[in-house]
Amino acid sequence: MHRHIIWLAVAVLLICGPFAWAQEIKPLVTATPPETGRQEFHPYLPAPGDRRETVQLNRSCRNIQNSYECAQAVEKTQLPRYPQLVSRRGGTLRLTLKSGKVVELKDVNINGQELETVLYSFREFLPDLGYYLVHEQPYEGSAYLMVNYQDGKRYPLHDLFLLSPDRKRLATVLNSEAHNPTAIQIWSISPEKMTLEWSLDPQDWGPTDGAWQNNDTLTFAKTNDNGTRLEMMMVRKDQTGWRLSAAKP
């Protein structure tokens, strides 16, 4: 009798177990953001969910507080990886295009004209996307450039980007405390060109903790000046374009 009861209990667990487990799955978008804090550098992701490359590069900046010195430390580690493609001659960064033509990014650093300063540092070559990623250092703040490997065209980015799972879009989510813009941008990207599809420049709050939930949905935390997260927001693409709304469970 007891043996029959045990076998009956096992059968119930086998049948109901997967259903019960499915009920425990949390929704893709949650009302409360994860408590991991802001991701350092808002990293470029070489593959969906893979931060190894960015972590490796950021180790070059250990104990470095200055953004340009950090960018130069990264460049020093990266140049030996691409000797046929990237080189530096004094204040000139040289990027070789697919055709063999060389694009030169020349530093501007003139005494008495500090506001015109622009210094370039190589960060990464992205062959699958078809671009070079370059750090751009103005007199105040910092930014990035995507340089097309085919034609050398330059596309400015506010920050390091987040790559969508299908690798066809990238987003920058930046809450700046000083000289950089507080903004969100979503770009489509192909080896031929990049196109800015959607942008937002909030005035009374800043976006943090940006993350792609899928190829057409970007979430972020709406954050006030003292760093308190107010609510989770969502930017989703539908048949009419990108739409901003609260992220609901």
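Only the coordinates and a few stated rules stand behind these numbers; no lab work does. Quantities reported herein were computed from a predicted structural model and do not represent experimental measurements. Reconstructed Cβ throughout: ideal geometry from the backbone, glycine too, with neighbour counts over all protein chains shown.
A few points about this structure:
- Between ASP107 and ASN214, residue separation times 0.36 nm minus the direct Cα-Cα distance comes to 34.7 nm.
- Exposure proxy ranking, count of Cβ atoms within 10 Å, fewest first, for SER176, SER60, SER164: SER176, SER60, SER164
- Anisotropy class of the range 29-246 from Cα gyration tensor, a/c 1.5 cut: prolate
- Cα shape, the range 94-163, gyration tensor, a/c 1.5 rule: oblate
- Applied to the range 78-93, the Karplus parametrisation 6.51 cos²θ - 1.76 cosθ + 1.60 on θ = phi - 60° returns per-residue 3J(HN,Hα) values of 8, 3, x, 6, 10, x, 8, 10, 10, 8, 10, 10, x, x, 10, 9 Hz, with x for Gly and Pro.
- In this label model, SER99 and ARG229 are separated by 4.7 nm, measuring between points 7 Å along each Cα→Cβ vector.
- CYS70, CYS61 arranged by Cβ crowding within 10 Å, fewest neighbours leading: CYS61, CYS70
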